[in-house]
Amino acid sequence: MSELENFLETADQVLERAILSAAEFQQFDQKRTDQIVEAVFKAGFNARVKLARMAHEETGIGVWEHKVLKNTLATLLVYTSIKDEKTVGVISFDPLTGMTEIAQPLGPIFAVIPVTNPTSTVMYKVLIALKTRNPVIVSAHRSAVKCCTETVRICYEAALAAGAPEDCIQIIPAGSRELTQAIMAHPKLALILATGGTGLVKAAYSSGNPAIGVGPGNVPVFIDESADIPFAVSNIISSKTFDNGTVCASEQSIIVEKSIEAVVRKEFERQQCYFLTPDEIRRVEKVAITEGTMNMNAAIVGQPVQAIAKMAGIAVPEGTKILMATLNGYGKDFPLSVEVLAPILAFYSTKDYRSAINLCIDLNYLGGIGHSAGIYANNEERIMEFSQLLNAGRILVNTPTAQGACGGIYNSLLPSLTLGCGTGGKNITTENISARHLINIQRVCRRKPNENWLSLDLQHCLDDHYDATALYKEYYKNH
Amino acid sequence: MLKTNYIKDENKLICTFSGHISGLLCDELATKIDSQMAQIKETGSNQDQLQIAFDLTDVSYIASSYIRICMATAKKLKPGKFSVINCNPFIKKTFKVAGLDEILHVV
């Protein structure tokens, strides 16, 4: 048997277990389902510190304390946002329209997990899948297998103890592109929840199965002259340094008008950010971006400032929080203008407001269409103008973009680790993905005839002499 | 009401527009731009060096026909010799949505 045939057999086995699990699961009522979700939430939440440490040790990415917070978001905040949601059977009835909505599970879900947020993404996807009675198949990044396997074990044992069907959570062997592709394309798979790089998301969409993928980010943040500058800078730092910048919604560029450039620059310096010299920018570019591409170098993802400085061969003051690169352009000649998931920020100063917003649009379209954008301002008109001009699923106002975009902390966005980017990011939605996206809603339509339609003389529709105005009038006659 | 102004300087032509550029105005506008280009040609200047910029400082709306005029004008020039300058963010976004901001050098 060839290696490929082996993988296909494994994919068949995985899906067979999942489909049997789905068959049993679809008989569960809301109460039983909720009991399982609660048990998994508690087990995951109680393991948040251990799993965060494991993720940090295994991947070498980020800050373990911040990974604890990500695990908290993925369990506590996700759970509290879905626990009262109706996801089984009749979820709504409107006596006026006669419409009843029934939630049905989708079937086996393939959950692809990124290396940047491994344990948190597993727990979040498991919770929203179980809440909707869908078995989930986890595929871990090859650098995060151990921590993801342990997360799956903890969640699965808790689920089984609470009465969940066997094989409701599975994890596949890591590092096999062929197996991943075989599962993605498997006819028994219901949905792919793809969180990761552009290549992965494209593969998911090309598989022939439905997929919820997310696009990459390149988050521009505009600091308006009406902004509270110390507040803005402090928020940006807390966001960009969170888990060493691994959140795809974290700030990538700061844009200010010339009139406030000096004040903003001074404030960043006061709050321990370091502005690189032109020579240092070139050195950092070389380690941050793979030469000849517009892609970040995996080696710097989630690394602390001092490690990046060492790789680049530059010396920065002790305690530096973010490396700031003053740029005067974007695109291939300015490598740091693209997404870098590390504590490195591009900094732009423009001659006026109009140029600043135009630059934000350019940066938004440079690899981050539909994702997120940020504005610090106390001018409502400018906030709304910025919001209409940027193509972003989430416009974060006076809010750290990393924590803000994930929802539940600074706003009422759905707590999530998979952020839809709309069609600009080749996604089906701009929403934060949650349980509500993992059900098929059936609509039971009771007979409630449309009186307007009944009052229309259908013979008139067949008659060319009746134009739109005449028939429109007739349609609304006596109503 | 659309206002236009043309500034010629050897191999450069700056066309300044202001107002609302509707589709109805575009036929006339295209003729005017062609005529300006013809005048420059008549002076015997080097056509390969000809640069044209459309200045949209005070333009609030552009029709799709206007974007076609930009494309047609750019095609008549050597690569990199056409640009659209001083757009407000709404016009900038219009070129972005059309996917033509780079080809037309919208700044």
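Here, each number is a calculation from the coordinates, and none is a lab measurement. Computed from a predicted model, the values in this text were never measured in an experiment. With ideal geometry, Cβ positions are generated from the backbone for all residues, glycine too; neighbour counts draw on all protein chains shown.
Points worth noting:
- Near the amide H of A:ILE91, within less than 5 Å, lie the amide hydrogens of A:GLU101, A:ILE102, A:ALA103, all on another chain or at least 5 residues away, with H placed in the peptide plane.
- Taking label positions 7 Å along the Cα-Cβ direction at both A:GLN272 and A:ARG153, the computed distance is 3.7 nm, reported to one decimal.
- Under 13 Å from the B:SER45 label point (7 Å along Cα→beta-carbon), backbone N, the range B:1-27: B:6-15
- Contour minus Cα-Cα distance for A:GLU318 and A:GLU65 (0.36 nm per residue): 89.0 nm
- Two-site label geometry, B:SER65 and A:LEU456: point separation in nm, points 7 Å out along Cα→Cβ: 3.4 nm
- Calculated Rg and Dmax of the range A:91-219 using C-alpha coordinates, Å: 16.0, 54
- Between the beta carbons of A:GLU57 and A:ASP463, assuming R0 = 56 Å, the FRET efficiency works out to 0.10 to the nearest 0.05.
- Range of Cα positions in the range A:218-276 per principal axis (Å), largest first: 31, 22, 21
- Computed extension gain for A:ASP352 through A:SER234, at 0.36 nm per residue and net of the alpha carbon distance, reaches 40.1 nm.
- Principal axis analysis of the Cα atoms in the range A:28-114 yields extents of 56, 23, 23 Å, listed in decreasing size.
- The distance between label points at A:CYS445 and A:LYS473 comes to 3.1 nm (points 7 Å beyond Cα on the Cα→Cβ vector).
- Percentage, to the nearest whole number, of Cα pairs in chain B over 19 Å apart: 38 percent
- Distance from the range B:44-107 to the range A:106-141 (C-alpha centre basis), Å: 47 Å
- A Stokes-Einstein calculation at 10 °C with viscosity 1.306 mPa s, built on the Kirkwood radius of the protein assembly as shown over Cα pairs, returns a diffusion coefficient of 59 µm²/s.
- Span-like helix ranges in chain A, DSSP H, alpha carbon extent 30 angstrom or more, Kyte mean at least -1.0: A:3-25
- Beyond 31 Å, the tail of the calculated P(r) for the range A:219-410 holds 8 percent of the Cα pairs.
- Those residues of the range B:45-79 whose amide nitrogen sits under 11 Å from the label point placed on B:ASP34, 7 Å along Cα→Cβ: none
- The range A:149-240: Rg to Rh, with Rh as the Kirkwood radius over Cα pairs: 1.18
- Taking the charge dipole of the range A:219-410 about its Cα centre, with +1 at Lys and Arg Cβ atoms and -1 at Asp and Glu Cβ atoms, the residue from A:ILE322, A:THR246, A:ALA298 reaching farthest to the positive side is A:ALA298.
- Span-like helix check, chain B: qualifying full DSSP H segments, with Cα axial length of 15 Å or more and mean Kyte-Doolittle of -1.0 or more, are B:26-42, B:64-75.
- Mean ellipticity per residue at 222 nm, deg cm²/dmol - from DSSP H runs of n ≥ 4 across the protein assembly as shown, formula -39500 (n - 2.57): -12500 deg cm²/dmol
- The range A:425-479 versus the range A:229-250: alpha-carbon centroid distance in Å: 46 Å
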